[in-house]
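Here's the structure, in C-alpha cells; my notes come after.
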Amino acid sequence: MEDLSIKNVNLEKSENLGKHRTEDFSSSKALVVRRGAPFRISLQLEGRPFNSKTDSIRIKVMLGRLYVMMPVTFSKKVSSSHWKAYMDPEGLDLMNPSIFISSPASASVGCYRFQLYVFTEGKRGRRVFGKFNLLCNPWCREDSVYIPFEDQREEYVLNDSGLLFMGTPMNLVSRPWSFDQYEPGVLETCLNLLQVSPQHQRNRRRDYLNRNKPVYISRVVSAMINSEDDRGVLKGKWAGNFKDGVNPSMWTGSGDILRQWAESGYSPVKYGQCWVFAAVMCTVMRVLGIPCRVVTNFNSAHDTNDNLVIEEFYSEQGQKLKLSKDSIWNFHVWVECWMTRQDLAPGMNGWQVLDPTPQERSGGVYCCGPAPVKAIKDRCIDLPFDVPFVYAEVNADIHMTVLRGDQVLGFSKNTEKVGAFICTKAIGYSRHQNITGDYKHVKSPTSTLSSRSSSSSGDSTFSKGMLVFLNLEKAPVAGEPVRFMVRIINKTNAVKMMKVHLNAQAKEYNNSPLDTFWETHGAIQLAPMEEKVLHQQILPAEYEDVVGDDLVNLAVVLEDMGSRELVLASEEFNIVSPQLNIQIADEDAITPHKKQTATVTFTNPFSHPVSGVLTVVGARLLQGKLQFRMPPLIPGGGVKQSITFVPTMGGTKMLQASLSLTNMNSTIRGFKMITVNRA
C-alpha cells in the first residue's frame, strides 16, 4: 500500500477568526480562537487519498507539558467538558480533509501547540505541527464568563476604546482611552503576562490547570498590573515629578504601556495611577475574553484602620489639615469583570470588582478582588475576595472636626458623601451610566447629577443655633468666575454677630489640599430667626495658575462671636477644561486604506496667553502619534490643525487629541468616534 502522509496543514485563519469573533486579532501570527466552540483546519495529503478503513488520524494538543491525545472520529457530537476532534463525513475531500477541533468550555487560557499523526494499519507516519491561542468565550453558554446580550459582548469584550470618568459628580470629566487590544503585539503581551506571573514561575503545571477559572485569572492579572510584588506592568507614583518616566495623565491608551513593558524585558513602566492601572487591566481582560468595564467611584474612601470612618480635620479659618492617615479620593477607578462565581453560593454571579491599584495586600499580594458587586450591596463581608475593603470604599462615614491647636471646637459627621456616585461608560454611547444602585441601596435614584452636586453642606453643622450651606451656583468652567453662595440661618431668638471665614485650596484627587490660594474674611449680623445669603466669586486670574487639572477644596467657617461656637460647610469641585473640537471631512464615506482628513480646533478661554504641544493618536487610524507645537495663543484666540489619517480596518474607531499646556498645569483633550465602513 502506498504511503500516506500529511504535506501541509491550513489553519483556515480567515474562517476561524470570523466564527470565533476574533477577526480583529488578524495581525497575530498564531490562530486565535475561543474555548467551547470548534475550529476547522484542513490537511493537504500526499501519496494517496485517506481511507477510513485502514487509516486514522490522532491529534495531540499541548499547553506547556500538559497534553491530551485524541483520535479524529466521524462523530460530530461534541462535549462542553472534553476535547474532541472529528471529520464531517458529508462532502469529505479524501485528499484534503477538514478536521474540526473542539475545546471544552472550561479549557485553560493560553498558547497551545498541536501535533497531527497519521496511522496506516497501526504504523505511524510523519507528524506535523501547529499553534493556536485559546481565549475565554463569552458567547458560549457553558463558559463561566458567558454574558447574555450581544450589545454587552460588543461593549465589554470587543470594543477597543472607551471613556474613563474623573472629576466630581457635579462636573464629570470624560477622558478618552484606547484599550488597543488589537494593536500588533498586545495579544501576545497579555498572554505572556500570565507566563511572567509568580504563580507560573513557582508551579507551571498548577498555573496551567488553574487558568480555566476566571476567578484565578483575574487575581493573577490584578496583581500583575502593578509591580509591588512581581515584574508587573506599571509602577505607581502619586507625588513629586515624573521626569524619569511618563506623567500618568499623559497616557492615552494601553498599547504604548504594554509594548514598553514587553520590549524592556518586563520591567515596570513608569508611571501609573488608578485610572491607568484600571484601563490597562481592562485591556488584558478583554484580550483574554473576560467581559470587563472600567468603573469610577466618586468620593472613594481608604479606611486604614477598618472602622468604616474617615476622619477629616479643619482649622477655625476653614483650612483643611493633614492630620489623618485615612483619606477620601475625589474619585477612584477600578474594573468590574463578569463571571460565574462557582466558588460561592448562588446569587453572587455577574459583575465582580477587581482593583489593580496597589493599596492593601490580599492574600499577601497587592491585588484586590474579585469581590461580587451583589455582596458589596448586601454587606456580605465574609465572602472572598476583599469585600470588606471595597464595601468601605463606597460606604464609610466622614467625621469632620474643627480644631484650634489640640482643642476640638466642633464636630459633625456625613453619612452620604462616600460612594455617592458610581458610574461606567454606557453601552454603545459616549456617555456615563449611573450604577450606584448596583453597589448601594439608594434612597432616591436619579439619572441626573444636579441633585448630587452638594457635598456635605447640609450635614456639617456644629451648632444647634446656626446653620450654614455652601452651594455652587453652577458647574465651574475654565475662563469663567467660580460663583457660589453661602446661606446662613439663625435658628435662635437672639441677635447673632458672626465671623465668616472663606478658604479655597487646590488639591489633587487623591491627596490632602495644598496651601490656600484664595480667602476672604468678614463679619455678619443676623436678627432672630433671620436667613441671609452671601454671593461670592473666585476670578479666573485667581485660580487658573494654581488649579489647572487639580480640584478645589472650598470651605466656610462661621464663628459665633458671643458663644464662640463654630459651624463648617465644605465643597470640593473641579473646574471643567475646554474641549478640543475634532471635525472629519466626508464623515459618512470613510473606508479602510483611504486617506482622510481631520481638523482639530481650539479657542483659548483663559485670561492669559497659552502655548503647548498638540498630540494626536488613533488606534488603526494613525501609525504612532503625531505632535505639533502650538505657538502662544492670546485670550479668545483660535487655532486649527489639519490631520491626515488612513484607517486600516473597519468598525468604530477613536481619534484622540490632547493639548498639553506649557505654562499651566493643564491638558486640554478631545476625541471623535469615527465609523469606518467595512470594505
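The values are calculated or read from the model by the stated rules, or taken from the named source; none is laboratory data. Note that the structure is predicted; figures quoted are calculated from it, not measured. Here the Cβ positions follow ideal geometry from the backbone for every residue, glycine too, while neighbour counts run over all protein chains shown. All accessible areas refer to the heavy atoms of the entire protein, side chains included, with ligands and DNA or RNA removed. Shrake-Rupley method; radii C 1.70, N 1.55, O 1.52, S 1.80 Å.
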Taking all protein chains as present, what is the carbon and sulfur share of the accessible area of the chain, in % to the nearest whole number, probe 1.4 Å?
49 percent
The range 554-634, accessible area per residue, ligands and nucleic acids excluded (1.4 Å, Å²)
44 Å²
Mind grabbing the accessible area of Cys190 for me, 1.4 Å probe, Å², rounded to tens?
0 Å²
Out of these labelled values of Rg and Dmax of the Cα atoms in Å, (1) 24.3, 77; (2) 29.6, 115; (3) 31.6, 106, which was calculated from the coordinates shown here?
(2)
Cα gyration tensor shape for the range 241-341, rounded if a/c is under 1.5, else prolate or oblate
oblate
Percent relative contact order for the chain, counting Cα pairs under 8 Å at least six residues apart, stands at 9 percent
Gyration tensor verdict on the range 282-359 (Cα atoms; rounded if a/c is under 1.5, prolate if a/b is larger than b/c, oblate otherwise):
prolate
Note down the accessible area of His302, probe 1.4 Å, to the nearest 10 Å².
30 Å²
Solvent-accessible surface ranking, highest first, for Val576, Val495, Val468 at 1.4 angstrom
Val495, Val576, Val468
Calculate how steeply helix 254-263 sits against the longest principal axis of the alpha-carbon atoms of the chain, using the helix alpha-carbon long axis, and give the answer as 0 to 90 degrees to the nearest 10.
60 degrees
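Assuming a strict under-13 Å limit between Cα atoms, what lysine pair count do you get for the range 4-158 once near-sequence pairs (fewer than 8 apart, same chain) are dropped?
Taking the Cα cut-off of 13 Å, the pair count is 6.
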Dipole magnitude (debye, nearest 20) for the range 274-361, charges at Cβ of Lys, Arg, Asp, Glu
380 debye
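Tell me the mean residue ellipticity at 222 nm calculated for the chain from its helices only (DSSP H runs of n ≥ 4, each -39500 (n - 2.57), averaged over every residue, nearest 500).
Estimated from H runs of four or more residues: -4000 deg cm²/dmol.
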Can you list the lysines whose alpha carbon sits under 27 Å from that of Lys507, skipping same-chain ones fewer than 8 residues off?
Lys235, Lys237, Lys243, Lys270, Lys320, Lys322, Lys325, Lys413, Lys417, Lys425, Lys474, Lys499
Counting only C-alpha contacts under 8 Å and six or more residues apart, can you give the relative contact order of the range 153-208 as a whole percent?
21 percent
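Given the peptides 614-620, 271-277, 55-61, arrange them by the average over their residues of other C-beta atoms within 10 Å, most packed first.
Numbers: 614-620: 22.7, 271-277: 25.0, 55-61: 18.6.
Peptide ranking by packing, descending: 271-277, 614-620, 55-61.
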Need one word for the range 126-175: rounded, prolate or oblate. Basis is the Cα gyration tensor (sqrt eigenvalues a ≥ b ≥ c); a/c below 1.5 gives rounded, then a/b vs b/c decides.
prolate
One would report the antiparallel percent of DSSP beta bridges in the range 1-142, rounded to the nearest 5, as 85 percent
